[in-house]
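One structure is given below, encoded as C-alpha cells.
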Number of protein chains: 2
Amino acid sequence: MKVVNVGLIGLGTVGTGTLRILQRNSQEITGRTGREITVTRVAVGDLNKQRDADLEGIVLSGDPMDIARDPAIDIVVEMIGGDDIAKEVVLEAIRHKKHVVTANKALIAVHGNEIFALAEKHNVAVTFEAAVAGGIPVIKAIREGLSANRIEWLAGIINGTCNYILTRMEQDGLGFAEVLSDAQALGYAEADPEFDVEGIDAAHKLTILASIAFGIPLQFDKLHIQGISEITIEDIEYAKELGFRIKHLGIARSSDAGIELRVHPAMVPVDRLIAGVNGVMNATLVQSDAVGPTLYYGAGAGAEPTGSAVVADIVDVVRSMGDIGENSGASPVPQLGFLPGSMPDRQIVPIEDVETAYYLRMKVINRPGVLAAITKIFGDSDISIATILQKSHGANNTEVTIIMLTQIALESNLNQAVTHIRKIDSVTSEIQSIRLENLA
Amino acid sequence: MKVVNVGLIGLGTVGTGTLRILQRNSQEITGRTGREITVTRVAVGDLNKQRDADLEGIVLSGDPMDIARDPAIDIVVEMIGGDDIAKEVVLEAIRHKKHVVTANKALIAVHGNEIFALAEKHNVAVTFEAAVAGGIPVIKAIREGLSANRIEWLAGIINGTCNYILTRMEQDGLGFAEVLSDAQALGYAEADPEFDVEGIDAAHKLTILASIAFGIPLQFDKLHIQGISEITIEDIEYAKELGFRIKHLGIARSSDAGIELRVHPAMVPVDRLIAGVNGVMNATLVQSDAVGPTLYYGAGAGAEPTGSAVVADIVDVVRSMGDIGENSGASPVPQLGFLPGSMPDRQIVPIEDVETAYYLRMKVINRPGVLAAITKIFGDSDISIATILQKSHGANNTEVTIIMLTQIALESNLNQAVTHIRKIDSVTSEIQSIRLENLA
C-alpha cells in the first residue's frame, strides 16, 4: 500500500474535524483511493495547548513554513484562515511543488487568481471545496456535475449565521439583536458578528461560485454586499402574509448586460424548496440551460461537515496523483472550472442597473393625498406597483404602515423614487426595501 | 485544439438531448476541457426516420457495432436502453479500448459487475451518471463529494412518474388510476407503466446508489420492491391529517445486521425538505457520519436533463484522458466508488428483519371488542401502537375505519399480526400498511 503524507496547518475547529475524519474513516478512504493517507505533521499556533485530537505519531510544529517546505509532505492542508499568513504559506507550498487543499474562502476570493496562476506554473492542484457551503459538494457539482450546461443563475443560502438568525426571528417572533445574542451564546455567531451578518462571508463564497459558474476571474471587489442587520420582525411578518420568506442570498446571474453579483436579503416565495432551508443549513440553487434547476443542501459549517469537504478534496488529489513520483500532476479539472482565458471576459453589472421586484415598507401620517403622492412618484420613476397593503397604528389611526410590492424595476429608478418619497412630510419612517426573488 | 471523437448509439430522447447540448454548448465545454468534442458517428435503428437533430457532418449507421469497433472513435455513448443489445455493444466497445458513457440503469444494475471487470481489464472508463436521477449529479456527489464519509443511509425520490402521480393525487384529490391516465396522456408515464409504478426503475437506480455508497457489489436481485399502485387517496388524506406526505422512496441503510435495500411507498414527515419535492422532480437525501444530511435535487428525466449528465460524464472522461494516445487511461475514480475488493462483503438484510414504524388502515364493523381484539394481536406480536384514529362510515356508523401508527417494529412481527387480524370476522377490508420513515 502506497502512503500519501499530509501536513495540516491549523488545528482549530476545521483542522480537528479533518484529522478526526482521516483517522476514523481510514478504511473507507483507503478503499476509495487505494492509498493510505497519513497525517505526519501538524502546524499549530501554540505547541503547549491541550488538543481534543489523537496526535500519536504526528510531529507538531510551531512554524507553518516547516510544513510548506518539508520534502516528505505530498499535500498541504491550509486551515488557519485569513489572508495574510495563509497566503504566504500556500504560495510557499506551491513553490515546493505540493498540492494544496484549503478551506479558506477569503484567501481564494481575494487572492485566488494569483494562487492559481502559481499553481499552474508548478503543476500542482489547489482545491477549495470546503471554502463554500462547508460539507456540501457544490463546487464539484458546478465545476464537474453541471459541466454540460451554460449556467444562467445561481442563488445560495451560503451563510449559516444569517440563516439561523432569520429562521429564529420568524419562528420565535424575536428581533434581530435578541436572536444575535442567542446565536452568539450558542456558538452560531462570532463575538464580532459583522463578517457574517453584514454579508462579507457570503460575498467571499459567491465570488468563488460565480467564477466557476461563468468562467470569470475572481473579483470580490465588484460585489454588491448587504447584510441582514436591518431586517425587522415586521418585515418577516409582512413577508409571511404576502406568501414569502426572507432569506439572505448570494445571487450570481448572467444577462445580456453581463454578470450580476450580489449578496443581500431577499423575499422568496414560501413554496420554493430553498425557502424551506432553515436554521444553520445551507443550500444553493443553480439554474442551468440543459438540466434546469438543481439544488444542493447540507451543513455549511462545523468541524466535521467542513472537514468532510477538506478530506474529499484530499481524496480527489490523491486519486489524480497516479503512481507517486510518476504522475503527480495537477487535477485534470481546472481550478476554476474553465481553462484560463478560455471564456470571454464578462462585464460585472453595476448594482444600479440590476432589475428586480421590491418589497417596500414605510410609515406615513394618515391624511388624504399621501398615497397619491407616493404612487405618483413611483409612476414618474417608471415603477409599477403590484400590491399595496395598508396597516393602521395608533389610537386614532393617525399613522399607517404602507407595504408595497413592485413589478420588476431598475435599481436606479427605485433609488430615485425612494429619494423623492423621503422628502414627503407625511412619510415618518425610513423606507425599507427588500428585493423579491422569484427563483424560477 | 485536440479533438475527441464521440460515437452516439441511439438517437431517441436522451440521444437527441445529448447531441443538442454538445452542439449548443460547445464553447463552454471546450473551455472546460481544452478539447473540441465532436460527434462523428451516430447509430440509429431506422436510417430513414426524420430526426429533430442537426446531423450535419455526422455519419449515420444502422449497426451499433460499427461504432463500438471504429478505431477513430474515442468515446462510445450507449443510449439504446434495455440490457440485451446494449450489453453486447458496451462489452464490444470496451474490448476495443473505448471509454463508455451510458444512461442505462438496467444495464448497470443487472450487468454492472461484469462490465466493470472487463473495463478494468482494458483500462477504460465506464461512466453512468445519467443512469440515476437524470441530471442531478448524485453519483458524483456520493462517489467523490462525500468520499470522506461513512454513509449511514440514503433515501431517494428517484422515479419521476411515481412522484408525479403521488403529487397529483394529493393536490387534486384524484385516485391512482385517474392520475395515471393523465400522466400517460402528458408523457410522464409510459403506455406500459409497470416498470415505473411498480418500482422496478427505482430499484435499478437504488442498486447503483447502494453500491457506490457502501462499496458493495451490484445486487439488484436482492432488493425488496413495492410500487405505488395500491396507494389510495384515503391514505394520502390520512397521511396529511397525521402530518405526513406519501413519497415513493428507494432506501439503502447500513446497520449492524447488514445493508437494507428497499423500494416502497413511505410516509415522510411533511416538514422534511424531501417531502417538498413534488411533481416529476427527483431528490436524494444522504446521511453520512461526517457531514450529516445532504440533499441533491433536480430533474430526474427528460432529453436535456439526462443529456446533461451524459455530457458531464463525457467531460469527466475527456478531462482524465491527458494527452490523447499518451495517457488515455481510465478515470482515477473507481467505477463504483471503491476499489474492487477493498471493502468487506456485507450481508443484505432480508426484508422480514427490517424494522420501521408503520401506518395501518383497515375497515371494521363497529361492535364492542373489535379494537380490543386488534390491539391484543399487536401486543402479542410485540408491536406498540403510537396513535389510533377512528373514522365513522355508513348511516348508523355501522362501519369504522381504523388508522394506526405503530412504533418501530420488526417486519416479520407486523406480517404475523396482519395475518391474525385478517382472520377477525369484524375486519371487513384488506389491511393497508405503509412504512413511516422519519429520515432524520
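The values are calculated or read from the model by the stated rules, or taken from the named source; none is laboratory data. On a predicted model such as this, the values are computed, not experimentally measured, just so you know. Methodologically, a virtual Cβ is constructed for each residue, glycine included, from the backbone with ideal geometry; neighbour enumeration extends over all protein chains shown. What goes into the accessible areas is simple: the full protein's heavy atoms, side chains included, and nothing from ligands, DNA or RNA. Shrake-Rupley method; radii C 1.70, N 1.55, O 1.52, S 1.80 Å.
Summary table
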{"quantity": "Those residues of region B:348-368 which are farther than 24 Å from B:Asn438 by Cβ and touching a residue at least 12 places away in the same chain (Cβ under 8 Å), in sequence order", "calculated": "B:Lys363, B:Val364, B:Ile365, B:Asn366, B:Arg367"}
{"quantity": "Test: residue in region A:87-104 that is open to solvent by 10 Å² or more (accessible area, probe 1.4 Å), within 14 Å of chain B (Cβ to nearest Cβ) and modelled with pLDDT of 95 or more", "calculated": "yes"}
{"quantity": "Enumeration of residues in region B:380-429 that are under 29 Å from the mean Cα position of the chain (by Cα) and modelled with pLDDT under 95", "calculated": "none"}
{"quantity": "Answer residue from region B:299-322, given it is within 8 Å of another protein chain (Cβ to nearest Cβ), at negative phi and not hydrophobic (A, V, I, L, M, F, W, C) and is surrounded by the most Cβ atoms within 10 Å (Cβ to Cβ) among those", "calculated": "B:Ser308"}
{"quantity": "Near pairs, Cβ below 7 angstrom, 6+ apart or cross-chain, from region A:209-238 (on the phi > 0 side of the Ramachandran plot) to any residue that is open to solvent by less than 30 Å² (accessible area, probe 1.4 Å)", "calculated": "A:Gly215/A:Gly337; A:Gly215/A:Phe338; A:Gly215/B:Gly31"}
{"quantity": "Tally, over region B:59-86, of residues that are touching a Lys or Arg at 6+ places or on another chain (Cβ under 8 Å), open to solvent by 60 Å² or more (accessible area, probe 1.4 Å) and touching a residue at least 24 places away in the same chain (Cβ under 8 Å)", "calculated": "1"}
{"quantity": "Single residue of A:Glu56, A:Glu120 found to be free of Cβ contacts under 8 Å to residues at least 12 places away in the same chain and either under 19 Å from A:Leu336 (Cβ atoms) or in a loop (DSSP other than H, G, I, E, B) (or both)", "calculated": "A:Glu56"}
{"quantity": "Some residue of region B:218-230 being in contact with a Ser or Thr (Cβ under 8 Å, 6 or more places away or on another chain), closer than 22 Å to B:Val354 by Cβ, of a type outside the set (Gly, Ala, Ser) and surrounded by 23 or more Cβ atoms within 10 Å (Cβ to Cβ)", "calculated": "yes"}
{"quantity": "Residues located in region B:11-43, provided they are facing chain A (nearest Cβ under 10 Å) and small (Gly, Ala, Ser)", "calculated": "B:Gly17, B:Gly31, B:Gly34"}
{"quantity": "Region A:1-27, subset open to solvent by 20 Å² or more (accessible area, probe 1.4 Å) and part of a helix (DSSP H, G or I), residue farthest from A:Gly300 (Cα to Cα)", "calculated": "A:Gln27"}
{"quantity": "Residue within region A:123-133 that is assigned to a helix (DSSP H, G or I) and under 30 Å from B:Arg24 (Cα atoms) present", "calculated": "yes"}
{"quantity": "Pick from region A:116-135, criterion touching a strand residue (DSSP E or B) at 6+ places or on another chain (Cβ under 6 Å) and β-branched (Val, Ile, Thr), ranking: farthest from A:Gly81 (Cα to Cα)", "calculated": "A:Val124"}
